[in-house]
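Working notes, beginning with the structure itself.
The values are calculated or read from the model by the stated rules, or taken from the named source; none is laboratory data. All values reported here derive from a predicted model rather than from experimental measurement. Cβ sites come from the backbone with ideal geometry, for glycine too, and all protein chains shown count toward neighbours.
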Amino acid sequence: MTYSDVPISRDDRAHLDQIFMQVVLDVQAQAQQTQPPQAGGVAAMFHKEQVSEVLQGCAMLIAGWNAGQIDGTGLSRTVRGLRALERPELAERVEKLRDIANR
């Protein structure tokens, strides 16, 4: 799925910064703690690529946040990586960041 960028006002960023960072840092930590679903070199390589995808997506989300937006490309990468790691609950949590300013 492809997401578009969502602008975040300076006031919302100041108010919601701690929540946003908690979600992103938790997702990073949990992705790094995952293990390949099966033994073998190919599984390990695929797993490493997916963890890298999540971490890069999170970095893009943080950079976008600092620039005043929820980065759509970063959101897509993070969600796609989390689903590939079989962590749909984390993917849903990240998807909810799009609505963070509307709460």
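Within region 5-32, the set of residues being exposed (fewer than 12 other Cβ atoms within 10 Å of the Cβ) and either in contact (Cβ under 8 Å) with a residue 12 or more places away in the chain or of a type in the set (A, V, I, L, M, F, W, C) (or both) comprises 7, 9, 10, 14, 29, 32. Scanning region 54-103 for residues that are part of a loop (DSSP other than H, G, I, E, B) and either hydrophobic (A, V, I, L, M, F, W, C) or touching a Ser or Thr at 6+ places or on another chain (Cβ under 9 Å) (or both) turns up 67, 68, 85, 86, 87. Filter region 43-83 down to residues that are out of contact with any strand residue (DSSP E or B) (no Cβ under 8 Å at 6 or more places or on another chain), among the hydrophobic types (A, V, I, L, M, F, W, C) and at pLDDT 95 or above, then give me how many there are. Matching residues across region 43-83 total 13. Condition check for residue 100 on (1) of a type outside the set (Gly, Ala, Ser); (2) under 15 Å from residue 1 (Cβ atoms); (3) in contact with a helix residue (DSSP H, G or I) (Cβ under 6 Å, 6 or more places away or on another chain): one failure, at (2).
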